[in-house]
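The values are calculated or read from the model by the stated rules, or taken from the named source; none is laboratory data. None of these values were measured; they are calculated from a predicted model. Glycine gets a Cβ as well: all are built from the backbone with ideal geometry, and neighbour counts include every protein chain shown. Note: areas computed on protein heavy atoms with side chains; ligands, DNA, RNA excluded. Shrake-Rupley method; radii C 1.70, N 1.55, O 1.52, S 1.80 Å.
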Number of protein chains: 2
Amino acid sequence: MTSTDVARETGLSRATVSFVLNDTPNQSIPQATRQRVLEAAARLGYTPYAPARTLRSGRSDLIVCELPDWPQSPTMAEFVDRAGEVLAEAGYTLVTHVHTDRPGGLGRLCAALAPAAVFGMRPFPPQDVEAMRRARVGVILPPPQAGSGDDLGASVWTTGIGRMQAEHLIAKGHTRIACALPDDPRVSDLSAGRAAGAAQACADAGLPAPARSPVPLDIDGAAGVVSAWRASPDAPTAVCAYNDEVALALLAGMRRLGLSAPGDLAVIGADDIPAARFAAPPLTTIALDSGDLGAHLARALLRTLDGEEQDLTLAPHGVHVVERESA
Amino acid sequence: MTSTDVARETGLSRATVSFVLNDTPNQSIPQATRQRVLEAAARLGYTPYAPARTLRSGRSDLIVCELPDWPQSPTMAEFVDRAGEVLAEAGYTLVTHVHTDRPGGLGRLCAALAPAAVFGMRPFPPQDVEAMRRARVGVILPPPQAGSGDDLGASVWTTGIGRMQAEHLIAKGHTRIACALPDDPRVSDLSAGRAAGAAQACADAGLPAPARSPVPLDIDGAAGVVSAWRASPDAPTAVCAYNDEVALALLAGMRRLGLSAPGDLAVIGADDIPAARFAAPPLTTIALDSGDLGAHLARALLRTLDGEEQDLTLAPHGVHVVERESA
DNA sequence: CTGAAAGCGCTAACAG
DNA sequence: CTGTTAGCGCTTTCAG
């Protein structure tokens, strides 16, 4: 099933077949011939062989999206789905790659794929960037040279969410706020960003900067952190959790101590995982529309592929608080 | 940075370069020359261009793994990581594709990649299988013709887990068991499999088959289901939940009704999501070692690629109950 | 309007 | 031991 087969079947040349199959412009081919080719291709189940096409044209229609390996929100599928849809409309094919601590994985993948572009939600390690460059990858998002502060999506994944959490708590009348961070090193830059967003909101409201405490992901450990907070001179009355998991840990720790939210301590999470609504009390959290975000990012990527220089800072699309009972 | 560049740099021919770079057997090339080529390739940062290599050799080193879109366990990354590692050792490169309800996605991906193999955890739709065949995909796992009962991993993802849940409850002395299924149609075949596993365990123990109830993923809905169970003539004393999310929903529903586990009703989940340990009471659940499973599956795939006909039924690798307090 | 021909980067017979 | 050469499937000038 090659284009030669279609040519033989129709009694035309491979060139003509190629013309109609790609409807090449400036090529006046009679409807009859065109029809004949299309029909034969369909009948034979012809599919162009991607490697040959890529070799010839010098450009691949593949785009790689690196997925984070941190605890996945169940909406990751939506993100990929919508991003893939937008890219498909533009003639690209999205493939995903789940991030690994094993170094060089992305680099090897790019060598094997020679994709047109690679994007992800965090900066790539220099080693991988180098490999991508060698693999002729055209566009990399976030751009390797970008500073860590203002790069792709910082506003959405990090500072924007932290800010929104703190603003909600402040609106509820809280003035002493803490930040609960995971002790997982993989997300240290993200958690720092969120805490920074919360700090900004506090500063804007004339409040002191929130204390930052790492919270172990077990009940005893979380209870320990809560006790420490309450024993401190300026005991916080509310806490921004890095995500719903640490929020759930906090709630469980409080329960063990006989405390409850929001009375003893208000808790707000982030991600709106399915378990959030089933917590005791149901967890107030920040949700973001992953699908929207995926589409948004994909469009930004397409613009970059078209050579448009652009501002990569994203407006926090569809980010909103889901108010339940814990804050 | 093509092999021509390396040839020019070393003053050799492209053929010679190719020979040493792929260390082609039956080709006696002096160490000196060999060294010269390797050194030049490294210095120039030469990376073979995959599409050309694939076109020429007729075989790609890509393997596609389709990831489910149902609520992801946080261990999906481990699965992919270990599977990728095993495949990489054999010279293959793993790329992932997140499943979408949008039809034909996998098919289009395969057309764009021409991978050596495709594997996933559920049978592929016939439409995609057809596209894969056209895209020259050599091996498909699970094989399209396999029956739904005994296909790839059924024992691990479905019946095996359900069986283990029921066996745990039976060991605790329960004799009237229910199955709580999600009402999400995307997982209906999986949930049926798990319920079947639970039913087997009950049958083996001489107990009546468990009732199956769909559980809505909200507190009121879950509470309604619990009430209905308790009002029924043979009220169950324990329930196998399809996964931790529905287990959490059940626990929340019980809490609303003033009931608690395991006293009023024992609940066992599946997946051991991070939130499970923070539930009230902490959730007893079934965990499986995703990394092991990934490696196991990858090895099975490699054997199939080597043409070995084989039994695809997997032993439940690393599946075990995590006993907390809810059952 | 259609066909012949060149060539993308790479590999593998086959000569030298 | 190394170089020449053909060709993978496809697109795209350039002639007819």
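Of note:
- Charge dipole of region B:155-288 (Cα centre as origin; +1 on each Lys and Arg Cβ, -1 on each Asp and Glu Cβ, all else neutral): 260 debye, rounded to the nearest 20.
- Region B:155-288, relative contact order in percent, only Cα pairs under 8 angstrom and at least six apart counted: 26
- Model label points for A:L44 and A:D184, set 7 angstrom from Cα along the Cα-to-Cβ axis, are 5.1 nm apart.
- Rounded to the nearest 10 square angstrom, B:T175 shows an accessible area of 70 square angstrom against a 1.4 Å probe.
- Per-residue mean of C-beta atoms belonging to partner chains within 10 Å, peptide B:36-49: 2
- Once C-alpha pairs closer than 8 Å and six or more residues apart are averaged by separation and normalised to the residue number of region B:3-48, the relative contact order reads 45 percent.
- Among the residues of B:266-273, the average count of other protein chain beta-carbon atoms within 10 Å of the residue beta-carbon is 1.
- Carbon + sulfur, % of accessible area of region B:155-288 - ligands and nucleic acids excluded, 1.4 Å: 55
- If the convex hull is drawn through the Cα atoms of chain B, its volume per residue in Å³: 157
- For the residues A:V86, A:V225, A:V98, a GNM of chain A with alpha-carbon springs under 10 Å puts the largest fluctuation on A:V98.
- Taking the centroid of alpha carbons for each part, region B:177-196 and region A:219-288 are 32 Å apart.
- Solvent-accessible area lost on pairing A with B (1.4 Å probe, both sides summed) amounts to about 4700 Å².
- Global form of region A:1-58, assessed from the alpha-carbon gyration tensor, a/c cut-off 1.5: oblate
- Backbone phi angles across region A:167-178, fed through the Karplus curve with coefficients 6.51, -1.76 and 1.60 (θ = phi - 60°), yield HN-Hα couplings of 4, 4, 5, 5, 4, 7, x, 6, 10, 10, 10, 10 Hz in residue order; Gly and Pro are listed as x.
- Across the identical copies, the 7 Å label point of B:D183, projected outward along Cα→Cβ, sits 4.2 nm from its counterparts, in ascending order.
- Backbone HN-Hα couplings from phi across region A:251-261 [Karplus 6.51/-1.76/1.60, Hz, Gly and Pro as x]: 4, 5, x, 4, 4, 4, 7, x, 9, 9, 9
- Pseudo-label separations to other copies for A:T24 - Cα-to-Cβ vector, 7 Å, nm: 3.3
- Basic side chains Lys and Arg get +1 at the Cβ, acidic Asp and Glu get -1 at the Cβ, and with that the dipole of region B:3-48 about its Cα centre reaches some 60 debye.
- Residue among B:A211, B:A52, B:A90 with the largest mean-square fluctuation in a Gaussian network model of chain B, springs linking Cα atoms under 10 Å: B:A52
- In this entry, the protein assembly as shown is assigned a mean projected area of 34.4 nm², taken as a quarter of its C-alpha convex hull surface.
- Look at the alpha carbon pairs under 8 Å that are at least 6 residues apart: their mean separation over the length of chain B gives a relative contact order of 16 percent.
- Between B:R59 and B:I29, the C-beta separation translates, for a Förster distance of 30 Å, into a calculated FRET efficiency of about 0.80.
- Rounded to the nearest 20 debye, dipole of region A:33-92 from Cβ charges on Lys, Arg, Asp, Glu: 640
- Under-5 Å amide H pairs with B:S13, H placed in peptide plane, nonlocal only: none
- For A:S326, the residues whose amide H sits under 5 Å from its own are A:T284, ignoring neighbours fewer than 5 places away on the same chain, with H placed 1.01 Å from N.
- On the basis of the beta-carbon distance and an R0 of 22 Å, A:L21 and A:E89 show a calculated FRET efficiency of 0.70.
- Partner chain coverage, peptide B:106-114 - average Cβ within 10 angstrom: 5
- Accessible area of region B:3-48 divided out per residue, in Å², using a probe of 1.4 angstrom: 62
- With a 1.4 Å probe rolled over the protein heavy atoms of all chains, the accessible area of A:S227, B:S3 falls in the order A:S227, B:S3, largest first.
- Accessible area of region A:3-48 belonging to carbon and sulfur atoms, whole % at 1.4 Å probe: 50
- Across identical copies of the chain, B:G318 has label-point separations of 3.3 nm, listed in ascending order, with the point defined 7 angstrom from Cα along Cα→Cβ.
- With both labels modelled 7 Å from their Cα along Cα-to-Cβ, the B:A228 to A:D234 distance reads 5.3 nm.
- Taking amide hydrogens as placed 1.01 Å from N in the peptide plane, the amide H of B:G120 sits under 5 Å from those of B:E66, B:L141, each at least 5 positions away in sequence or on another chain.
- Selection from B:A249, A:S232, A:A83 lying farthest towards where the dipole of the protein assembly as shown points positive, charges on Cβ: A:A83
- The alpha carbon gyration tensor of region A:210-268 gives principal lengths a ≥ b ≥ c with a/c below 1.5, which makes the shape rounded.
- In this structure, A:D292 and A:A171 have a Cβ-Cβ separation that, at R0 = 30 Å, corresponds to a calculated FRET efficiency of about 0.80.
- Given chain B, longest segment not containing exposed loop GluC sites (Glu not before Pro) (DSSP; at most 11 other Cβ within 10 Å): B:1-307
- Inter-probe distance in nm under a simple model that places probes 7 Å from Cα toward Cβ, at A:R299 and A:D264: 4.7
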